[in-house]
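> Below: one structure in structure tokens.
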Amino acid sequence: MDVRHYALIASPEMLLKRLSTRIAFVRSGLRRETWAVQQIPRCVAALAQERYATHVHTDHRTTDEVVEWIATDAGLTLDASRLAPWRYQLRRAKVGIGHIR
């Protein structure tokens, strides 16, 4: 079996921007003391190490672009086409709501 590891890399600034769109952060106002924000420096440093195999920089890529890049790199053909933007946002909201405790 061919197993490949990809590390999705983003800058700390982009991570803060992405975290600010989460439902939990909308309620709390993206306070700096939140656990996820506190983990950014540690995680960015850890994932930058070479042992995490192929680094995929995601700052200026959409989710579809990342998926397509990884599929191409792995020699895979994607069967499904991209979701329409409104369907992607709907799916993203559904996943976010499903993680509310």
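> Of the residues 56, 67, which is open to solvent by less than 60 Å² (accessible area, probe 1.4 Å), at pLDDT 80 or above and aliphatic (A, V, I, L, M)?
The unique qualifying residue is 56.
> Just for the stretch 10-29: of the residues that are outside any helix (DSSP H, G or I) and within 19 Å of residue 66 (Cβ to Cβ), which one is modelled with the lowest pLDDT?
Ranking the candidates gives 22 first.
> Among all residue pairs at least 6 apart or on different chains, which show Cβ distances below 7 Å where the first residue, located in the stretch 61-78, is under 24 Å from residue 92 (Cα atoms) and the second is open to solvent by 60 Å² or more (accessible area, probe 1.4 Å) and of a type in the set (A, V, I, L, M)?
Close Cβ pairs satisfying both conditions: 66/8; 68/78; 71/78.
> Within the stretch 30-53, restricting attention to residues that are closer than 25 Å to residue 94 by Cα and not in a helix (DSSP H, G or I), which residue is modelled with the highest pLDDT?
Looking at the filtered set, the residue picked out is 34.
The values are calculated or read from the model by the stated rules, or taken from the named source; none is laboratory data. As the structure is a prediction and not an experimental result, all values here were calculated from the model. Note: ideal-geometry Cβ built from the backbone for every residue, glycine included; neighbour counts use all protein chains shown. Areas reflect the complete protein model, heavy atoms only, side chains present, ligands, DNA and RNA absent. Shrake-Rupley method; radii C 1.70, N 1.55, O 1.52, S 1.80 Å.
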